[in-house]
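The values are calculated or read from the model by the stated rules, or taken from the named source; none is laboratory data. The shown structure was predicted, so the numbers you read here are calculated from the model rather than taken from an experiment. Neighbour counts run over all protein chains shown; Cβ positions are idealised from the backbone, glycine included.
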Amino acid sequence: MRIALLPLLMFSCVANTAQATDWFKSSDALTQVHKHLLDNDLPQMFDSLVEVWQINSSQSREDHLNELFDQALNKDCGKTLTRKTLPDWISSVVVKRHIIQSPGRDTFRVSINVESENNIQDITFEKWVDKIVSSDSELTKDSEVVNNASVSLYRKRYNLASQLESGLYRLSVKDDGGKSWSTWIVLGEVAMRQQVRWASKDTWRIDKKELLNPYCPLPKLEIGLYDYVDEHYEQVWGKSYESDYPMNLTGEELPNDRYVLAVSMVHSRWQGDIAIEQAQTISKTYDISSEEELK
């Protein structure tokens, strides 16, 4: 009986393989997303995913695309999702979704940080199709020294009415010499696997919601104190930690004053050579007096 069953099992395996092969012969873009993901061909999978996002789809299809995208990130945190995309005049790009939770109010932002030796004229971030994410935006420029060379960091910040949705976006950068560059950005559902919350007046806690992706960088804890100067807030002190997160402010000497204390958890992944970040910040007023100096 065992000998008789063996050919049947072999036939069944061959039949199933044939059916899978026939199924993948479909030219449907969603089918190709599945095929390329199973083949571990992430750049082709990403191209097919962009094509599917460009088609009007239902909520159920969008949920399915987000699930497939999460599976792709489990390969290497997005490092090989796309081939090299940055032009030689742009050294780095960071796309950052941000939620800031202050007492009685949540604020949402998305910022695009572009590091370039060229003078950047404009940065735009649009949701497919041709929808600027917000009309409330600002482009700023900062200078910094990297490897003994002076470079400029340009930041386009969009203030949002709500958290930025998952989906397909178009990022475009133009310099004042006529050069331009653009690329597709795919954003999945917001997934903060570790979140920060207040535990008392001046201490915080980190809640671990899900297991971390072992291929991604450890979430960074960023702590900053801000002072209100000339009708806007300026950071007067800050530190970041990739491990051994503190749960309060320690060992710092600052002038007695009233500040805004901001504590952030920042999760990072890649889309090829582009960094994608999701940040959650809790903030509150923080008084430093002679009796309540940082210990």
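Per the listing 166, 172, the residue uniquely touching a helix residue (DSSP H, G or I) at 6+ places or on another chain (Cβ under 8 Å) and surrounded by 12 or more Cβ atoms within 10 Å (Cβ to Cβ) is 166.
In this structure, residue 186 does not satisfy being of a type in the set (Val, Ile, Thr), modelled with pLDDT under 95, surrounded by 15 or more Cβ atoms within 10 Å (Cβ to Cβ) and closer than 30 Å to residue 88 by Cα.
Within segment 99-116, the set of residues being surrounded by fewer than 14 Cβ atoms within 10 Å (Cβ to Cβ) and of a type in the set (Asp, Glu) comprises 106 only. Can you name every residue in segment 189-216 that is without any contact (Cβ under 8 Å) to a residue 60 or more places away in the chain, under 22 Å from residue 76 (Cα atoms) and not in a strand (DSSP E or B)? Result: 209, 210, 211, 212, 214. Inspect segment 287-295 for any residue being among the hydroxyl-bearing types (Ser, Thr, Tyr) and modelled with pLDDT under 95 and give the result as yes or no. Within segment 287-295, one or more residues are among the hydroxyl-bearing types (Ser, Thr, Tyr) and modelled with pLDDT under 95. Take the residues of segment 134-171 that are among the β-branched types (Val, Ile, Thr) and farther than 14 Å from residue 111 by Cα: which is modelled with the highest pLDDT? Among those that are among the β-branched types (Val, Ile, Thr) and farther than 14 Å from residue 111 by Cα, it is 151. Within segment 95-118, residues that are in the same structural domain as residue 262 (by TED's automatic domain parsing) have Cβ atoms under 8 Å from residues that are outside any strand (DSSP E or B) and surrounded by 14 or more Cβ atoms within 10 Å (Cβ to Cβ) in no pair, counting only partners at least 6 apart in sequence or on another chain.
With respect to residue 264, determine if the residue is under 24 Å from residue 95 (Cα atoms), surrounded by 14 or more Cβ atoms within 10 Å (Cβ to Cβ) and among the hydroxyl-bearing types (Ser, Thr, Tyr). Answer is yes for this residue.
Residues in segment 89-135 that are of a type in the set (D, E, K, R) and in a loop (DSSP other than H, G, I, E, B) were compared, and the one that is nearest to the chain's Cα centre (by Cα) is 130.
Against the condition surrounded by fewer than 17 Cβ atoms within 10 Å (Cβ to Cβ), among the hydrophobic types (A, V, I, L, M, F, W, C), assigned to a strand (DSSP E or B) and without any contact (Cβ under 8 Å) to a residue 12 or more places away in the chain, how does residue 151 come out, does it pass? So residue 151 fails the test. Reported count of residues in segment 225-253, each being modelled with pLDDT under 90, surrounded by 11 or more Cβ atoms within 10 Å (Cβ to Cβ) and more than 15 Å from residue 285 (Cα to Cα), is 1.
Checked against the criterion of being more than 19 Å from residue 216 (Cβ to Cβ), more than 19 Å from the chain's Cα centre (by Cα) and not in a helix (DSSP H, G or I), the candidates 138, 51 yield just one match: 138.
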